[in-house]
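Asker: Please read through the structure below; I'll follow up with questions.
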Amino acid sequence: MLADCKYRMSMEFDSNEECILGIDEAGRGPVLGPMVYAAAVVSVSKMNDFEKLGCNDSKQLTADDRDHLFQIIHQSGFVKTYVDSMSAEYLSCEMLKTHKVSLNVISHNSAIKLIQNALNDGIRLKHVYVDTVGDPGKYQMLLEKEFGGNVGQFTVAKKADSTYNIVGAASIVAKVTRDRVLSNWKFKEEQILDENGNAVVCFSKNTGSGYPSDPVSQEWMKSSIDNVFGYPNLVRFSWGTTKIL
């Protein structure tokens with residue numbers, strides 16, 4: 001099973017500063033590639049400056065706008081980010097093991113890890129905003145129980161990425177990170193060479209959006225399956241789409 005990719009942008013807050021944290025994901029629905037969770041953190045004292053960046057739901061932005069804001073976020077000097085990128089292989093293994101873990105639980109656990117990372121870095125969290133997965137009320141109760149008095153307040157809501165700019169910033173970080181992982185993807189299967197040093201198998205980079213309903217993605221999957229070894233590790237083999245095709 002591939003290890004998850006977890007990283008944080010190096011930046012320090014004063015231990016006395018109260019901060020706002022937002023969480024969102026990218027790639028929950030696709031059958032191809034990772035699911036990426038991200039958190040953005042800003043001190044309360046810098047919220048006016050942060051609002052001027054114009055962060056919004058990544059789905060409402062063009063790819064160029066997302067890339068531009070991604071760069072601005074990381075060059076601002078007052079936004080700290082955390083990322084948890086979970087590979088297709090990891091997601092499938094979790095969902096198909098003996099004691100199956102649902103995608104909702106995987107998502108909740110990722111959000112919890114991001115919040116805990118911020119707390120471990122000594123960040124005082126006044127308010128945490130989360131784009132919901134499943135019932136927002138139950139999700140919020142889960143987070144409140146998990147963190148007790150270590151976080152001032154939680155708000156878990158539908159479409160939080162388009163309601164709260166701090167969640168919008170997290171959605172941009174998650175989306176751009178996922179897109180870059182896909183565009184730079186190296187198939188480990190292509191590293192298997194024949195006696196002449198040539199790759200035994202090669203895959204097209206034209207994967208489409210990765211969503212099950214995308215005809216381009218469907219065609220890519222049909223042309224990329226091996227009768228013996230199955231799909232390459234870019235594919236979430238636990239998804240129903242892989243069984244239909």
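Taken together, the values in this text are just the output of simple stated rules run on the coordinates, not laboratory data. Note that the structure is a prediction, hence the values are computed from the model and not measured. Cβ coordinates were reconstructed from backbone atoms using ideal geometry, including for glycine residues, and neighbour counts include every protein chain displayed.
Asker: Tilt of helix 103-120 relative to the longest C-alpha principal axis of the chain, in degrees (0 to 90, nearest 10)?
Answerer: 50 degrees
Asker: Is the C-alpha gyration tensor of the stretch 1-135 telling us rounded, prolate or oblate? Criteria: a/c under 1.5 is rounded; beyond that, a/b larger than b/c is prolate, otherwise oblate. Show your work: numbers first, answer last.
Answerer: Working: a/c = 2.14, a/b = 1.52, b/c = 1.40.
In terms of gyration-tensor shape, prolate.
Asker: Here's something else I'd like to know. Rounded, prolate or oblate: which fits the stretch 119-170 when a ≥ b ≥ c are the square roots of the eigenvalues of the alpha-carbon gyration tensor, with rounded for a/c under 1.5 and prolate only if a/b beats b/c?
Answerer: oblate
Asker: Please label the shape of the stretch 62-147 as rounded, prolate or oblate, based on the square roots a ≥ b ≥ c of the eigenvalues of the alpha-carbon gyration tensor (a/c under 1.5 means rounded; beyond that, a/b larger than b/c means prolate, else oblate).
Answerer: Cα axes put the stretch 62-147 in the oblate bin.
Asker: Using Cα-Cα distances under 8 Å and only pairs 6 or more residues apart, what relative contact order does the stretch 1-130 have, in percent?
Answerer: On the way: 178 pairs, mean separation 54.2, N = 130.
In percent, rounded to a whole number, it is 42.
Asker: Could you sort 213-225, 79-91 so that the peptide with the highest average Cβ count within 10 Å comes first and the rest follow in order?
Answerer: 79-91, 213-225
Asker: Continuing with this model, one more query. Among the listed pairs 138/159; 97/159; 138/158; 46/113; 46/138; 52/158, which are separated by more than 22 Å between their Cα atoms?
Answerer: Result: 97/159; 46/113; 46/138; 52/158 exceed 22 Å.
Asker: OK, next. Can you give the FRET efficiency to the nearest 0.05 for residue 204 and residue 28, using r as the Cβ-Cβ distance and R₀ = 22 Å?
Answerer: Step by step, r from the Cβ atoms, then E = 0.35.
Asker: Starting from the Cα of residue 112, step 7 Å along the direction of its Cβ; do the same at residue 93; then give the gap between the two resulting points in nm.
Answerer: Placing both labels 7 Å along Cα→Cβ, they lie 2.0 nm apart.
Asker: Can you give the relative contact order of the chain as a percent, counting alpha carbon pairs under 8 Å and 6+ residues apart?
Answerer: It comes to 29 percent, rounded to a whole number.
Asker: Just checking my list [x] 17.8, 56; [y] 19.2, 62; [z] 22.2, 78 against Rg and Dmax of the Cα atoms in Å computed from this structure; which label fits?
Answerer: Here Rg and Dmax of the Cα atoms in Å agrees with entry [y].
Asker: Considering the zone a paramagnetic label at residue 233 would reach in this model (a point 7 Å from Cα along the Cα-to-Cβ line), which residues of the stretch 81-118 have amide N under 13 Å from it?
Answerer: From the stretch 81-118, the list is 87-93.
Asker: Excluding same-chain residues fewer than 8 positions from residue 222, which lysines have a Cα within less than 20 Å of its Cα?
Answerer: Straight-distance partners of residue 222: 186, 188, 205, 243.
Asker: Quote the relative contact order of the stretch 10-76 in percent (integer), defining contacts as alpha-carbon pairs under 8 Å separated by 6+ residues.
Answerer: About 25 percent, as a whole number.
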